[in-house]
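Notes for the one structure printed next.
Coordinate-derived values only; no laboratory data. The structure presented is a predicted model; accordingly, all values stated were derived computationally and were not measured. All Cβ positions, glycine included, derive from the backbone under ideal geometry; neighbour counts span all protein chains shown.
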There are 2 protein chains.
Amino acid sequence: MQKLTAQRQAILDVINRSDKHWDADEVAYALKENDTPIGIATVYRGLAALAEQGLIESIQLADKKRYERADKKHHDHLICTDCGDIEEFCKPEIEKLQDLVASEHDFTIQGHQLLLFGICIRCKGKGI
Amino acid sequence: MQKLTAQRQAILDVINRSDKHWDADEVAYALKENDTPIGIATVYRGLAALAEQGLIESIQLADKKRYERADKKHHDHLICTDCGDIEEFCKPEIEKLQDLVASEHDFTIQGHQLLLFGICIRCKGKGI
DNA sequence: GTGATAATGATAATGATTATCATTCTGACT
DNA sequence: AGTCAGAATGATAATCATTATCATTATCAC
């Protein structure tokens, strides 16, 4: 029932073009630059639909949702509280421990979100 | 410079009275019940101030912030996507791995947020 | 090619949170 | 006690991401 329309294809193309973590406004802006402007409500709906179909990944930050390409292996995120930059990491041992925790609590795990906050190496330098 | 005023003391008392994870509205409602009604803006500021002073803990969920007592040992949260219930868990091995990840990325870690989403044991039963 | 179903886009509405601003409180110091 | 500066308060407006509404248009199955 979910359709992959021209607009959603355009959104998907934008997101697949880079490793960025996009928010809705950034996607809308990129689409305008691209001469395929799409209404902001449609961008929101398109992002939600694409994420539901697994064609893109979503991460929920404190204030907003961001979306990224889905054709990467699973990872979590390091977020610099200074510059806002988002790095990715992968630590399967953590996932295993999460599954253990869930089973200890008779909890059927559906997903997780792990964010590490701190100062990235670039901002550490510039601080002084 | 941050002051622990009567209003903030009242907010703190409400939160310390239970193991709940409170949002601002719930705190405001409890204060009204308590015959110490406080303006909603003041509740928000009070919660932020108390969290900054370490007198309460805050957790950032998708849509809103929630606050809980600070006099417990560190833990993370299991969130039932059906009933919204929040359980707590403690797994120091995960924290250690997080520190390891951070150091691998030359990242000075300041904090983290780990949420596990799924179905709690109660909702599993009632679903059939 | 005709319905049924879904998508679009402009705009209004929502909901949590923050900003504004006039007023009041607090604590330190005369 | 009196004064002054810095905070806090509370009512309300503003903000910002997101969702709802609704009339219109596109899409797909038959």
Formal net charge of residues neighbouring B:E52 (Cβ-Cβ distance under 14 Å; K, R +1; D, E -1): +3
Inter-chain Cβ neighbour average for residues A:115-122, partner chain, 10 Å: 6
Taking the Cα centre of region B:6-69 as origin and charging only Cβ (+1 Lys, Arg; -1 Asp, Glu), how large is the dipole, in debye to the nearest 20? 120
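Going by C-beta contacts inside 10 Å, put B:R122, A:R66 in order with the fewest on the left.
Numbers: B:R122 13, A:R66 19.
Ascending number of Cβ neighbours within 10 Å: B:R122, A:R66.
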Return the sequence-ordered ³J(HN,Hα) values of region A:44-60 in whole Hz as given by the Karplus equation 6.51 cos²θ - 1.76 cosθ + 1.60 applied to θ = phi - 60°, using x for Gly and Pro. 4, 5, x, 4, 4, 5, 4, 5, 5, 7, x, 7, 9, 10, 10, 10, 9
One decimal, nm, shortest first: give the distances between the label point of B:T42 and those of the same position in the other copies, each label point 7 Å from Cα along Cα→Cβ. 4.9
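Report D for region B:2-113 in µm² per second (integer): Stokes-Einstein, Kirkwood Rh on Cα pairs, 10 °C, 1.306 mPa s. List each step's numbers first, then the result.
Details: Rh = 15.5 Å.
Value of D from the Cα-based Kirkwood radius: 102 µm²/s.
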Once you list every other residue whose beta carbon is under 9 Å from the beta carbon of B:L97, what net charge do they have if Lys and Arg are +1 and Asp and Glu are -1? -2
Under the 7 Å Cα-to-Cβ spin-label approximation, A:R122 and B:E26 lie apart by a distance in nanometres of 3.9
Under unit Cβ charges (Lys, Arg +1; Asp, Glu -1), what dipole magnitude, rounded to 20 debye, does chain A have relative to its Cα centre? 340
Taking every pair of alpha-carbon atoms in the protein assembly as shown, give the share separated by more than 31 Å as a whole percent. 38
Enumerate the amide H contacts of A:K65 below 5 Å, restricted to partners 5 or more residues apart or on another chain; note that Pro and chain-start residues carry no placed amide H. none
Let me know the mean shielding of A:87-93 by other chains, meaning the per-residue number of their Cβ atoms within 10 Å of its Cβ. 4
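Expressed in nm², what is the orientationally averaged projection area of the convex hull enclosing the Cα positions of region B:47-119? Walk me through the numbers before you get to the answer.
On the way: hull surface 23.4 nm².
Computing the convex hull of the Cα atoms and averaging its projections yields 5.8 nm².
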Calculate one ³J(HN,Hα) per residue across region B:77-92 by plugging θ = phi - 60° into the Karplus curve 6.51 cos²θ - 1.76 cosθ + 1.60, and present them in order as whole Hz with x for glycine and proline. 10, 9, 10, 7, 7, 8, 9, x, 4, 10, 9, 10, 8, 9, 8, x
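Count, for each residue of B:96-102, the Cβ atoms from other chains sitting within 10 Å of its Cβ, then give me the mean as a whole number. Kindly include the intermediate steps, with their values, before the conclusion.
Working: counts 3, 6, 7, 1, 4, 10, 6.
So the per-residue partner count for this stretch is 5.
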Among A:A62, A:A24, A:L50 the positive-end extreme of the charge dipole of region A:1-97 (Cβ point charges): A:L50
How far apart, in nm, are two points set 7 Å out from the Cα along the Cα-to-Cβ line at B:N34 and at A:T5? 4.9
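Counting DSSP beta bridges with both partners in chain B, what percentage is antiparallel, nearest 5?
Expressed as a percentage, antiparallel bridges in chain B total about 70.
I'm checking a number: the convex hull volume of the Cα atoms of region A:6-69, normalised per residue, in Å³. What is it?
On the way: hull volume 4.6 nm³, N = 64.
Value for region A:6-69: 72 Å³ per residue.
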